[in-house]
1. For the stretch 64-117, run through the trypsin sites (Lys or Arg not before Pro) and keep only the ones in DSSP coil with at most 12 other Cβ atoms within 10 Å of their Cβ.
2. Could you let me know the centre-to-centre spacing of the stretch 78-117 and the stretch 59-73, using Cα atoms, in angstrom?
3. Given an 8 Å cut-off on Cα distances and at least 6 residues of separation, report the relative contact order of the stretch 21-115 as a percent.
4. Rounded, prolate or oblate for the stretch 30-117? Axes are the square roots of the Cα gyration tensor eigenvalues, ordered a ≥ b ≥ c, and the cut-off for rounded is a/c under 1.5.
5. Give me the dipole magnitude in Debye, nearest 20, for the stretch 21-115 about the Cα centre, with unit charges on the beta carbon: positive for Lys and Arg, negative for Asp and Glu.
6. What list of ³J(HN,Hα) values in whole Hz, one per residue of the stretch 37-48 in order, does the Karplus curve 6.51 cos²θ - 1.76 cosθ + 1.60 (θ = phi - 60°) give from phi, with Gly and Pro shown as x?
Amino acid sequence: MNTVWTLAQAGYPAALPEATLAHYLFVSAAMFVIGLIGFLTRRNLIIMFLCTELMFQAAGIALVSFSRFHMNMTGQSFVIFIVTVAAAEAAMALALVVLLFRKRESLDAEEWTELKG
């Protein structure tokens with residue numbers, strides 16, 4: 001028991017190298033690009049809304065990482081607004097998906113052009 005406590009105090013296992021701002025921005029940019037490609041290439045409404053959520057989360061990661069880099073809390077407060085908008089968007093998306101599925105029994109985005117009028 002004593003040797004385990006001594007090893008924990010000595011810093012084992014060794015800590016990973018510290019992540020920098022560039023690491024977080026790279027992850028954020030990659031997530032945003034994946035979401036953008038998914039949104040532009042897929043026609044399924046559920047996948048399109050999930051890709052939109054992925055882009056929201058990428059923007060949130062970028063805001064939090066910049067906020068942490070500059071040591072202020074404005075990024076975190078903006079992320080609260082992003083999460084609020086994402087929740088409202090998810091509620092609207094669910095309503096639209098249910099409406100489209102009841103009308104056309106399909107989740108293809110091209111079906112929305114026929115609902116005009």
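Every number in this text was worked out from the coordinates using simple rules, so none of it is lab data. If you're wondering where the values come from, they're calculated on a predicted model, not measured in any experiment. No Cβ is skipped: glycine too gets one built from the backbone with ideal geometry, and neighbour counts run over all protein chains shown.
1. Filter output for the stretch 64-117: LYS116.
2. For the stretch 78-117 versus the stretch 59-73, the Cα centre distance is 30 Å.
3. About 28 percent, as a whole number.
4. Prolate, since a/c reaches 1.5 and a/b exceeds b/c.
5. Taking the Cα centre of the stretch 21-115 as origin, the dipole is about 200 debye.
6. Rounded to whole hertz, the list is 5, x, 5, 7, 9, 8, 10, 6, 5, 5, 5, 5.
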